[in-house]
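All remarks here apply to the structure that follows.
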Amino acid sequence: MFGLGLIKGLFVTFKNLIGPTFTVQYPNKKVGLIKASKYYNKNPFSLFKSRPLEGFKAIVGQAVIKEFPDQFPRFRGQEFNWFEDRCTGCASCAKYCPLGIIEIETHPGENNIQEGTSYDIDVFDIDIGRCMFCGICVEACPFDALHMGSGFERAIEKREDLVISIDELRSAEKRPSTWFRPQIENSSYKPRNEEIEDSHDVGRHEKPSKEELTERWVNER
Amino acid sequence: MSLRTEPVTMNVGPIHPSTHGVFRMRVTFDGEEIVDVEPVIGYLHRGSEKLAEERTYTQVVTLTDRMDYVASMTNNQSYILSVEKLAGITPSPRGVWLRMIAAELQRIASHAVANGFLINDLGAWHTPLLYMLREREKILEMFEMLCGARITNSYLRPGGVFMDAPDQFWPALNRFLDEMPNRIDDIERLLTTNEIVLIRTQNVGVLKKEECLNASITGPVLRASGVDWDLREKNPYDYYDQIEFSRPLGEIGDNHDRFLIRIFEMRESLKILRQCIENIEPGPVRPKEVPFLVRPPKGDSYVPIESPKGELGFYLVSDGGISPFRCHVRAPSLINLTLLKEMVLGDKIADLFVTFGSIDVNMGEVDR
């Protein structure tokens, strides 16, 4: 019968109409009282007491809460995480970058035992505007100093701001992605929830201490 | 008495919602009938083959993602197989199984996009397309678990993959394998017996067996015309020789056959995925001795694979250095596009876009 297939198809459409929704209402979602009190982690009465405006909005289903899509710990995002005390200034990241957007300038450090073992970094610029987030610089880093970030909300007004300077890298939030860093992945680490302050936790290779370097380069010779 | 009409030449594209990217056709119409079609390509040319010559073998992996951006995993696979043959690297078994899983997931995602946009071109506004994209979204989330990116993956490395799958990947994959057959059933219930789809696609854009073989068409377009040619079976790469699957064949070679072949292949990919999960064994995903800078000896290599769109292969020439001396891509989209004129001649204007959508062309791969 002509039209039977159409009816069969409309049945599928109807099933999807009343089924669970898949859409994430990023960044803001309008919810009612129950979900709002769950979001602020309070019961409805104390929600009224502490945030009366939100409470009244929630009664008519207009309370605004934040909603994010699922993000997985290996997500390669913006704002590179750089741990300065792990970095030796070897510039492997700059060499292995397919686009050549990392610029490093170093000079021999003050406390270097022998030239070539310790460098102080003057310039560490990453031109995010041309970065394609392939993560090869992170893969190349021999001392686990550079990590991919996990952010994705980094709209910038000026083109000059797209170049991340060494000060921005120092002051950035340390929420490294676990891309190519299995040592962070083994724990139950989620970049959105926690920050890693201690540079000791992020590395599988240890940066040699001054005593070890003295032993290796001065005493043995 | 018949009315005599003047043929009119028109430009379709390069920026047109139904040309799947920046593709331009110079079409001559006689009334509603198509008299001549001349494809004009090159609007998305980025010179990937030339760029590959001045990058190391690992860095080129990132360029292959951007060729066919709907199926980056298979692009990576083809390139990596070519590098491994060139450098004589034996990959780790677990890495090979993981990249087969990734490639089959990518095949499902790519076919979902192809079928969804085919129905979108038919005029069913976004509803069936969004059902397909919803399934693709689950696959992209699994890719994000695997490698941190959804489309530009760069997951594979010479010798296997860069990192083992995380713990949360396997439950997600099993859930996907359980759900997906029902979803494909839904899609079939919605579309395969729909009278409007049948009228618009059956006996439109017919491609005969001989025409296909003459123009070296590959992939689902070739199988829809009734030629049993699948490189996974005829020239097995990776561990496809240990896996059993059937290859559906079409009869007429019209748009509806191509649509059905893609849906059947999605089911076959699910079967392959189940076998991969059974066979996968613990171990390293990449041999330790493979260096970051691969230095293959002098020579050349070409390993064709069955990508979602057809035979995809990277021809690499090495002069013993750290970067390829020459890189050439055999892109299935470009070669499948050559028969567009033969397919649409004599059809109506509206069928032009349907036929074009049924070839499943990706402009990033055509122009590279």
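Bear in mind these aren't lab numbers, they're just calculated from the coordinates by the rules spelled out. Since the structure is predicted, the reported quantities are computational estimates derived from the model, not experimental observations. Every residue, glycine as well, gets a Cβ built from its backbone with ideal geometry; the counts of neighbours run over all protein chains shown.
For the protein assembly as shown, the cysteines with no partner cysteine C-beta closer than 4.7 Å are A:87, A:90, A:97, A:131, A:134, A:141, B:147, B:212, B:276, B:327.
Take the Cα of residue B:32, go 7 Å toward its beta carbon, and the backbone nitrogen atoms of region B:323-352 under 16 Å from that spot belong to B:345-352.
When you restrict to C-alpha pairs under 8 Å that are six or more residues apart and normalise by the size of chain B, the relative contact order lands at 27 percent.
Treating each Cα of region B:1-160 as one equal point scatterer and applying the Debye formula with no solvent, the log10 of I(q)/I(0) at q = 0.08, 0.12 Å⁻¹ comes out as -0.36, -0.69. Note that region A:20-66 carries a Kirkwood radius of 10.7 Å, evaluated over its alpha carbons pair by pair. The residue among A:131, B:349, B:317 whose Cα reaches farthest toward the positive pole of the charge dipole of the protein assembly as shown, with charges on the beta-carbon of Lys, Arg, Asp and Glu, is B:349.
Within 10 Å of the Cβ of each residue in B:158-169, the mean number of Cβ atoms contributed by other protein chains is 2. Treating r as the C-beta distance of residue B:167 and residue B:40 and R0 as 51 Å, the FRET efficiency rounds to 0.55. In plain terms, if you count all Cα to Cα distances in chain B and split them into 10 Å steps from zero, the share in each step is 5, 24, 33, 24, 10, 3, 1, 0 percent.
Of the residues A:203, A:55, A:145, the one whose Cα sits farthest towards the positive end of the charge dipole of chain A is A:55 (charges of +1 on Lys and Arg Cβ, -1 on Asp and Glu Cβ, taken about the Cα centre).
A DSSP coil position with no more than 16 other Cβ atoms inside 10 Å describes the following GluC sites (Glu not before Pro) in region B:16-94: B:32, B:53, B:54. At R0 = 25 Å, how high is the FRET efficiency between residue A:105 and residue A:172 if r is their beta carbon distance? Nearest 0.05 is fine. Efficiency computed from Cβ-Cβ geometry: 0.80. Between residue B:198 and residue A:38, the simple spin-label model (points 7 angstrom out along Cα→Cβ) gives 4.5 nm. Residues whose amide H comes within less than 5 Å of that of residue B:307, counting only those at least five positions distant or on another chain, are B:312 (H built at 1.01 Å from N in the peptide plane). From most to least packed by mean Cβ count within 10 Å, the peptides B:323-329, B:100-106, B:273-279, A:160-166 give B:100-106, B:323-329, B:273-279, A:160-166.
Working note: Debye formula, equal point scatterers on the alpha-carbon atoms of region A:1-158, no solvent; log10 I(q)/I(0) at q = 0.16, 0.21 Å⁻¹ is -0.94, -1.27.
Here is the list for region B:85-135: chymotrypsin sites (Phe, Trp or Tyr not before Pro) lying in DSSP coil, each with at most 13 other C-beta atoms within 10 angstrom of its C-beta, are B:125. Summarised in one figure, the compactness ratio Rg/Rh of region A:77-211, Cα atoms and Kirkwood Rh, is 0.95. With only the Cα atoms considered, the protein assembly as shown has a convex hull volume of 212 Å³ per residue. Pairs of Cα atoms nearer than 8 Å and 6+ residues apart set the relative contact order; for chain A it is 19 percent. Applying a DSSP loop filter and a limit of 15 other Cβ atoms within 10 Å to the chymotrypsin sites (Phe, Trp or Tyr not before Pro) in region A:1-61 leaves A:2, A:22.
Only helices enter this figure: runs of n ≥ 4 DSSP H residues, each worth -39500 (n - 2.57), summed and divided by the residues of the protein assembly as shown, yield -11500 deg cm²/dmol at 222 nm to the nearest 500. Residues whose amide H lies under 5 Å from that of residue A:144, counting only those 5 or more places away or on a different chain, are absent; hydrogens are built 1.01 Å from N in the peptide plane. Angle of helix B:255-279 to the longest C-alpha principal axis of chain B, folded into 0 to 90 degrees and rounded to 10: 20°.
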